[in-house]
1. Regarding segment 339-443, what's the average projected area of the Cα-atom convex hull, expressed in nm²?
2. Counting other beta carbons within 10 Å of each residue's own, what order do S302, S327 fall into, fewest first?
3. Within straight cross-link reach of K405, meaning Cα distance under 14 Å, which aspartates and glutamates are found once same-chain residues fewer than 8 apart are removed?
4. I'd like the projected area of segment 140-244, averaged over all directions, using the convex hull of its alpha carbons. Report it in nm² with one decimal.
5. Taking neighbour counts of Cβ atoms within 10 Å as a proxy for exposure, in what order, fewest first, do I33, I20 appear?
6. Give the aspartates and glutamates reachable from K93 as a straight Cα distance under 15 Å; neighbours fewer than 8 places away on the same chain don't count.
7. Tell me the relative contact order for the chain as a rounded percent, counting alpha carbon contacts under 8 Å between residues six or more apart.
8. Once the Cα atoms of segment 173-309 are picked out, what are the Rg and Dmax in Å?
Amino acid sequence: MERVDLIIRNAIIIPVSRRIIFKGSIGILGDRIIAVGKDDDIMNRYSAERYIDARGKAALPGFVNTHMHECLMRGFCEDLPLMKWLEEVCFPKDKVFSREDMRAAALLNQLEMIKSGITTFIDIFRFQEEAAKVAMISGLRAVLSSQIIDIPFKIEDISSNENLVKNWNGKAGGRIITWFGVHSPYACTEETLLKVAELAKKYDVGVHIHISETLDEVRLIMRRYGKRPVEYLNEIGFLSDRVHAAHCVHLSKKEMKLLKDMNVSVAYNPTSNMKLASGIAPIPQLLKLGVTVGLGTDSILSNNNLDMFEEMRIGSFLQKLSRKDPSILSCYEMLRMATLEGARCLNLEHEIGSIDVGKKADLILVDLRKPHLHPIFIGDINNIVENLVYSACAADVDTTIVDGKILMENREVKTLNEEEVYEIVQKRSLSLYKRMKTVMRRE
C-alpha cells in the first residue's frame, strides 16, 4: 500500500471539473492531491498518517475570491452612493490608515475567509507586506496587489508596489503571489497606468484594476478623455491578458468585445454592486462572448461579509431577475465561477479550482447536516449542488485545507487565535475611526 499524509473518506466529492463522486475519498501527499475516487478503491490502494471521516459532508474545491480589499472598517457610514462614499469615507480613512491598521485588517479578513471556505483571494489595498506577513501565518493562498491612487491624492505608488513584487512574489512555498494594482482609470494618470503595464510585463505578473463600476465613473472618463473606460484603456495600450478587472458593470457592446479580444478577465461582485446601487454587470453577455469571469466579495466595508455562498446565490438570482429568465446563470455555472473560473482569472487554473489529481490540495468540507440543506437526494437524481449554491452559507463550512495543511477543522481555526484577532481588531478599528473623524472634521 502506498502511504500518504491524509485521506478524506466517506465524502460527497464535487470536483467541479467532472461528475460528483458519492461516498468518495481524496488522498493527499504533501501539498498535492494524489488520488480521487470511490472509497473502496482509494482505501485498497492507500494508507494514511491521518484520516478525516467526511460522512455527511461535501468536499469542494476551496473558493477563489477574485476581488476584495482587506479593510478594517465594517458597518460604518453606511447607505451612501459610491462616489460620496469614496470621497467622504474611504479617502479620509485612507489618509490615516497605517501599517498597524493593515495588519489588524489582514488578521480579521483572513480569519473570516478561512471560516468561509475561501482558500485563495486577491487583495488590492494598502501596505500589502503586512497582508503577506499574515498570510504566512494564516496559511491562505494570497494574490496581493497595491492599490495605487494618484487622484485626488497619492495612496501607495509604483515603487512600493514594485518592492512588493520583488520581495514577496513566490514566498511561503508559492502561496504568496504578488501583482501590480491600480485603483481605476479615473484615480490614476495615464503615465501610471502605462508604467504599471510595463512593469507587470517585466516581472511577468498580473494587474488588478476597477473598471466601469458606476455610471458616474463612465461619465467622468467620457468628459476627461472622450471615450468610455475600456476604450480609453485599450487605446493607451493598457489592456492585455495580464489584466483582471473588477466590476465591469457598465459596458457597451464594443467594450465587452474588447475585453474578450484582449483576454481580460472579470470579477463579478453582485452583493457590493447591489449595496452601492452601482448596477448589474452584464455577466451573461460576457460569458457568451467567452470572457473569463470569476466571483468576488469586494470588501467588508462595501459588502459587508466574505461569504462566497451568498455571492453565488445573489449573483444568480440578480441576473435571473434582471433578464427575466430563471435559467440564466445556473447553480452549476455559479459554482464554477466561485472555483475553477476564479482560478483561471488569477492564472492558477492548473494548480487550483477543482479536485483533481496533481492539483494543490486546496479544498473544503461543508457540513450537510443542517435543516436548511435538506432534503438531500443522492444517486441518479441529486440536488447537492443546488442546495450548496442556493441554500448554504459560510457557517456551514466545517474544514478548510490549503496546500494539504488543515487551517480549520470542526469550525476550529488552527492557524490564527480568534480571541487575539478580535482584541487587536477592536483596538485598531476604534483608533482608526477616531483618526478618520478628525480628518473629516478638518475637511
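Every read-out reported here was derived from the displayed coordinates using simple, explicitly stated rules and does not represent laboratory data. None of these values were measured; they are calculated from a predicted model. Cβ: placed from backbone, ideal geometry, glycine included. Neighbour counts: every protein chain shown.
1. Details: hull surface 44.8 nm².
Here the figure is 11.2 nm², rounded to one decimal.
2. Starting with the residue having the fewest Cβ neighbours, the order is S327, S302.
3. Straight-line reach from K405, under 14 Å: D5, D31, E49, D362.
4. On the way: hull surface 26.8 nm².
Mean orientational projected area (segment 140-244, Cα hull): 6.7 nm².
5. On the way: I33 24, I20 15.
The most exposed by this proxy come first: I20, I33.
6. Candidates past the 8-residue exclusion: E70, E78, D101, E156, E443.
7. Details: 990 pairs, mean separation 90.1, N = 443.
Over the chain, the number comes to 20 percent.
8. 14.5, 46
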